[in-house]
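The values are calculated or read from the model by the stated rules, or taken from the named source; none is laboratory data. In this text, all values refer to a predicted model and were calculated from it rather than measured experimentally. Counting neighbours? That spans all protein chains shown, and the Cβs are built from the backbone with ideal geometry, glycine included.
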């Protein structure tokens, strides 16, 4: 047997003989049919935003890779998809797990990669797995869908022909300040996001670096009943959302 799968109540752990990984990993598999790695976008809030194609892929995949098993299991229940093997792939284990997953793909198993919400591997885990899969000759297929980035850009009241995507700001104060100071030199709109509990802090940092009159567009809890899309000076929006926590993405114009 090539490998074995051990299961615990919270996670899935894969183990393969190290000798097999070392000798076989970067050999392109061309003599036998290999599996396919599907990169599946899932809703950013409203479960009705899932595409028909995404549902078909999730139903047919042999394994589903997800950031958190609990979130992945909830999504399958919402879509009435029978529970199947969920393998956690996140920032804590991708470095050690990616090669083993490619070996399973090389045996002909199909996998669907999803993130907690939105498009995988974009400011989320998955890029290393995709790199290794392509290097091993595994077919990687994108299954597009909702994205918080494009959702917010589509309702921006100011024209955005080009922009600079930052993703998540550093957590440490000094690094955040240094990053924002560098971004202030740019002459294009800047798109960034952060965790819900850093909403107020992020706006404060932007105000401190760019000035209180800097215009921003922010989307909070996009596609959900409590969705808010605000366009105003950073100081005005900061006063409006003070004390709140929400999933958010914003544009600094």
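Per-residue answers, yes or no, for (1) outside any loop (DSSP other than H, G, I, E, B); (2) closer than 21 Å to residue 51 by Cα:
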site: 87; (1), (2): yes, no
site: 96; (1), (2): yes, no
site: 102; (1), (2): yes, no
site: 124; (1), (2): no, yes
site: 131; (1), (2): yes, no
site: 156; (1), (2): no, no
site: 178; (1), (2): yes, no
site: 181; (1), (2): yes, no
site: 197; (1), (2): yes, no
Q: Can you give me the number of residues within segment 49-74 that are in a helix (DSSP H, G or I) and over 12 Å from residue 145 (Cβ atoms)?
A: 9
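Mind telling me which of the residues 14, 65 ends up being surrounded by fewer than 21 Cβ atoms within 10 Å (Cβ to Cβ) and either within 20 Å of residue 125 (Cα to Cα) or at pLDDT below 95 (or both)? Spell out how you get there, then give the answer.
Numbers: 65 fails: surrounded by fewer than 21 Cβ atoms within 10 Å (Cβ to Cβ).
Criteria check complete, one pass: 14.
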Q: Mind telling me which of the residues 125, 142 ends up being at pLDDT below 95 and at negative phi?
A: 125
Q. Residue check, residue 186 against (1) touching a strand residue (DSSP E or B) at 6+ places or on another chain (Cβ under 8 Å); (2) within 19 Å of residue 46 (Cα to Cα); (3) in a loop (DSSP other than H, G, I, E, B), all met but one. Which one?
A. (2)
Q | Evaluation of residue 81 against (1) at pLDDT below 95; (2) assigned by TED's automatic domain parsing to the domain that holds residue 190; (3) in a loop (DSSP other than H, G, I, E, B) (one fails), failing number | A | (2)
Q: Tell me which residues, restricted to segment 232-252, are surrounded by 18 or more Cβ atoms within 10 Å (Cβ to Cβ) and over 24 Å from residue 117 (Cα atoms).
A: 234, 237, 238
**Q.** Matching residues, segment 179-231, being on the phi > 0 side of the Ramachandran plot and over 20 Å from the mean Cα position of the chain (by Cα)
**A.** 211
Q) In this structure, does residue 188 turn out to be modelled with pLDDT under 95 and more than 30 Å from residue 109 (Cβ to Cβ)? A) no
